[in-house]
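The values are calculated or read from the model by the stated rules, or taken from the named source; none is laboratory data. Since this is a predicted model, take the numbers as computed values, not measurements. Because the Cβ atoms are built from the backbone with ideal geometry, glycine has one as well, and the counts that use them run over all protein chains shown. When the accessible area is computed, the model is the full protein with side chains, heavy atoms only, and any ligands, DNA or RNA have been set aside. Shrake-Rupley method; radii C 1.70, N 1.55, O 1.52, S 1.80 Å.
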Amino acid sequence: MAEGYGLFFKTVRKFARFFYPSYHTEISGEIDGPAVYISHHRNLFGPFITLLWYPKFVRTWILHVFLDRKSCSKQYADYTFTKRFGLPLVLAQPVAFLLSFGITKLLQSSRGIPVYRGTRKIVRTFQISVEALKKGESIAIYPDIDYTDRSASVKDMYAGFLYMEKYFYKATGRHVQFVPLYASKKKRLLIAGAPIFFRDGEDFRTEKDVVYKKLHMALNRLAARCGEL
């Protein structure tokens with residue numbers, strides 16, 4: 001059974017909902033059970049809106065450094081605040097140190113799934129994800145290569161998340177239910193489209209490309225439907 005979000009996350013979310021415009025949801029009736037939602041990052045807009053307003057419990061793939069207090073502080077100080085925002089290191093370090101306590105606690109309470117870079121470490125991410133799906137917990141992934149892109153159009157995505165199909169199918173004999181999820185600024189709407197599956201008996205490498213294209217096209221169709229393309 002899915003455990004749900006932690007108390008700290010639910011408290012912060014409840015508070016945030018007082019100040020942020022509410023979003024409605026439209027969820028395909030074809031979705032049956034736990035799903036892997038594939039969405040558009042849009043410089044944090046996608047994950048923020050999903051975690052704030054999606055009515056179902058979803059565990060988000062999160063770069064592992066943000067789930068560890070010391071690593072989070074280092075990431076903010078050495079990259080986010082200095083290289084992205086141009087702050088001098090002498091200012092970035094204390095701000096990053098203080099911010100890291102709240103961010104790490106919040107993301108841990110959201111029950112985020114750590115994403116480890118590297119061939120060997122990413123296996124752990126897949127293992128955690130498969131166990132989550134087996135327990136009935138859905139997952140959200142934002143695979144944009146340029147995650148800072150704010151446009152509605154989905155461009156190139158990392159395709160590595162699709163290897164979850166191999167791990168899940170091996171463990172359960174079932175296919176992963178990949179669902180395109182789009183957050184519309186214009187309509188203040190979260191749309192979960194029809195699920196996309198790997199087909200029985202097809203070569204994995206070939207089918208991986210097919211599923212990637214279907215998800216990519218589905219996300220852009222949802223953006224166009226909302227009048228944002």
Enumerated helices (runs of 4 or more DSSP H) restricted to the stretch 5-121, each holding at least 1 residues that are touching a residue at least 40 places away in the same chain (Cβ under 8 Å) and touching a strand residue (DSSP E or B) at 6+ places or on another chain (Cβ under 7 Å):
45-53, 89-109
Could you tell me which numbered condition Ala194 fails, if it satisfies all but one of (1) part of a loop (DSSP other than H, G, I, E, B); (2) over 20 Å from Val58 (Cα atoms)?
(2)
Residue list for the stretch 183-208, restricted to those being free of Cβ contacts under 8 Å to residues at least 24 places away in the same chain and surrounded by 15 or more Cβ atoms within 10 Å (Cβ to Cβ):
Ile196, Glu207
Restricting the stretch 69-87 to residues that are at pLDDT below 95 and surrounded by fewer than 14 Cβ atoms within 10 Å (Cβ to Cβ), the one nearest to the chain's Cα centre (by Cα) turns out to be Arg84
How many residues does the stretch 209-223 contain that are under 17 Å from the mean Cα position of the chain (by Cα), under 14 Å from Val176 (Cα atoms) and open to solvent by less than 40 Å² (accessible area, probe 1.4 Å)?
1
From the set of residues in the stretch 88-122 that are β-branched (Val, Ile, Thr) and open to solvent by 80 Å² or more (accessible area, probe 1.4 Å), which is nearest to Ile49 (Cα to Cα)?
Thr119
